[in-house]
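Before any comments, here is the structure.
Just so you know, all these numbers are worked out from the coordinates, no wet-lab data involved. In this text, all values refer to a predicted model and were calculated from it rather than measured experimentally. Counting neighbours? That spans all protein chains shown, and the Cβs are built from the backbone with ideal geometry, glycine included.
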Amino acid sequence: MKPSLSLLSLCLLLGACSQSIPPDSNDIVPPAAWQSAHTAARQQVSQEWWKQFGSPELDRLISQARAGSYDLAGAMARVQQAQASAVIAGAPLLPEVTFAGNGKREKRLHGKSYKQLNASSGNKAVDYFDASLSASYEVDFWGAKTAARDSARQALKASEFDRDTVELTLLSGVASSYVQTLALDEQSRIARLNLANAQSVLGIVQTRHDAGSATTLELAQQKSLVASQQRQVPLVEQQAREARITLAALLGKPVQNLTLDNTQFTQLDWPTIGSGLPSELLTRRPDIARAEALLVAARADIIVARAAMLPKLTLSASLGSGSDSFNDILRSPLYNLAAGLTAPIFNNGRLSAERHKAVAQQQELLQSYRASIISAFADVEKALNNANGLDQQRQWQDEELKQAQLAFDIAQNRYQAGAEMLLTVLETQRTLYQAQDQHLQLRLSRLQASIALYKALGGGWNNPGA
C-alpha cells in the first residue's frame, strides 16, 4: 500500500510541476506620433497644471478639494488597507514564534477523585505550572509565500496608483466645474444684456406704434422676443446655481459654504500643452500603471495556486518546562523538534480548478491592461482633436460675432430712422444673440479641452517605479 501511495504522490507532484504559466504580452505598439496636429515638444506637464489657467481662485479650490474630498479620503484609506495586507502576506516568510504560560490548581471538593488529589494531608489543592516557547515555519520550497508577498505588494502599488487616478479625476473635475460655473455666470450677464437690448428696441417700436408708423404685428413680435429673453435669464441662472452645487460637492462641502470671488470668465486662458510622444504616455498615466500592477500580481497568484498542488514541509520546535511549584518552573526544561510533510492526494479537482481560475484572471487583467493603453491613446487623440477643431472654429466665430454686432447696430439705427423694417431688426437681434452664445460656448469648450488634455496626459504624474 505504501509504495503505490508514494507513486501516486509522485505522479501528482510531477503533473503539477509540468504546468507552465503563460507569458504576458500586451502586443500593442505605440504609434510613432499623434494623428492630430499638436505641440510635440517633450516638455513635462507640470504637476500643478491648473495654475497655467491663470486663476488664483482655481488654485484655492484645488487645495480645498484635496483636503475635503471624501472620494480621495476613501482612496487613501484603501491604500492603508493594502499596506496592512502586504505586511500580513509577508509575515509567513519568517518563523512564527509564540510563548505560552499556564498555571493550574485542582482540589477535591468531596468524594473520591484522582490519587494525586488524595495524596496530601488535609485535602490540600494541587498546583501545576508550565511555560513554553515554540516556533513553526513552513519551508517555501515552491515560492508560494514569496509569491503571495509579491502579489500583495503589487496590489499595494495598484491601490496607490488608483488613489492617484482618483486625485487626477477629482482635480480635473474641479477645474472643469469651475470654468463651467464662470461661463454660466458670463452667460447670465449676456442674457441680461440681451434682454436690455430687446427692451430698448421694444421702446422704439412702442414709440413708432403710438405714432402710427409701426403696426400692432411689429409690436407683438418685439414683445415676444422680449418675453423670450426674459425666460432665458432665469434658465441660465438656474444652470449657474446647479454648476455651483456640483462644484461644492467635489470640494466635499454644501453649496452654502462655497465662496467665489469676482473672477471673470474672460480672464481665463488656456496654455500651450506639449503632448510629447505616444510611447511616453505609458509611464505618465496612473490608470495604466494600476492595470500593469494588477497584472503582475495575477502572475504571482498563479504561482501561489500552483504551489498549493505540491507537498508542504513544516518545521516546528518548542522549549518548555513544568513543575508543581512556580519557583521551580524553569528548572526542568525540555525541548521538542518536529517536521511534517503533507501533500494533496484527492480534492476532486478543486486545486487544479483554482489554478485554472488564477490563469483566467491573469488573462482577464491582461486584456484590461491592453484596453487601458488603447483608451489612454484615444483620450489624448480626442483632446487634441477637440482643441484643434475648436481653435479653427473660433477664428471664424470671432469674425461672425463682430459682423453680427455691426449688423444689429445698423439695423437698429435704420429702423429708428424709419429706413428699415422691423423684421430686419428682429433677424439681426437673433443672429447677434446666437453669435454671442456661440462665442461663449466655444471658449468654454476650448478651456475644457485643455483640461481634458492635461488629464489624458496624466496631469504631470510619473510612475515612481518606472
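Which whole-number value in Å³ per residue fits the convex hull of the alpha carbons of segment 263-391?
On the way: hull volume 38.7 nm³, N = 129.
Expressed per residue, the convex hull around the Cα atoms of segment 263-391 is 300 Å³.
Take the Cβ-Cβ distance between D210 and K253 as r, set R0 to 56 Å, and report the resulting FRET efficiency rounded to the nearest 0.05. Write out the running numbers ahead of the final one.
Numbers: r = 54 Å, r/R0 = 0.97.
Working from the Cβ atoms, E equals 0.55.
Pull out the extension gain between F326 and D27, defined as 0.36 nm times the separation in residues minus the alpha carbon to alpha carbon distance; nm, one decimal.
Numbers: separation 299, 0.36 × 299 = 107.64 nm, distance 7.04 nm.
Difference between extended and current length: 100.6 nm.
Sorted by packing (mean other beta-carbon atoms within 10 Å per residue), highest first, where do 260-267, 192-199 land?
On the way: 260-267: 12.1, 192-199: 16.9.
Descending mean neighbour count gives 192-199, 260-267.
What per residue convex hull volume, in Å³, comes out for segment 145-262 when only alpha-carbon positions are used? The partial results should precede the final answer.
Details: hull volume 14.2 nm³, N = 118.
So the per-residue hull volume is 120 Å³.
Taking the highest mean first, how do the peptides 136-144, 443-451 order by number of other beta carbon atoms within 10 angstrom per residue? Don't jump to the answer; show the numbers that get you there.
Numbers: 136-144: 16.0, 443-451: 21.6.
The densest-packed peptide leads the list: 443-451, 136-144.
Would you mind estimating how fast segment 179-228 diffuses translationally, via Stokes-Einstein at 37 °C and 0.692 mPa s with the Kirkwood radius over Cα pairs, in µm²/s?
275
FRET efficiency for S316 and D391, Cβ-Cβ distance as r, R0 = 51 Å, nearest 0.05?
Values: r = 73 Å, r/R0 = 1.43.
So the FRET efficiency works out to roughly 0.10.
Pairs of alpha-carbon atoms within less than 8 angstrom and 6+ residues apart define the contacts here; what relative contact order does segment 370-451 have, in percent? Mind showing how you got there, number by number?
Details: 44 pairs, mean separation 36.0, N = 82.
Worked out over segment 370-451, it gives 44 percent.
For segment 384-449, what class follows from the C-alpha gyration tensor (a ≥ b ≥ c being the square roots of its eigenvalues): rounded when a/c is under 1.5, otherwise prolate if a/b is larger than b/c, else oblate? Write out the running numbers ahead of the final one.
On the way: a/c = 4.57, a/b = 3.45, b/c = 1.33.
Prolate, since a/c reaches 1.5 and a/b exceeds b/c.
Computed over the Cα atoms of the chain, what is the ratio Rg over Rh, Rh following Kirkwood?
On the way: Rg = 38.1 Å, Rh = 29.8 Å.
That ratio equals 1.28.
Can you give the relative contact order of the chain as a percent, counting alpha carbon pairs under 8 Å and 6+ residues apart? All intermediate terms of the calculation are to be shown ahead of the outcome.
Details: 616 pairs, mean separation 123.8, N = 466.
27 percent.
May I ask you to evaluate 6.51 cos²θ - 1.76 cosθ + 1.60, the Karplus curve with θ = phi - 60°, for each residue of segment 429-436 and list the ³J(HN,Hα) values in order in whole Hz, giving x for glycine and proline?
In residue order, the calculated couplings are 4, 4, 5, 5, 4, 5, 5, 5 Hz.
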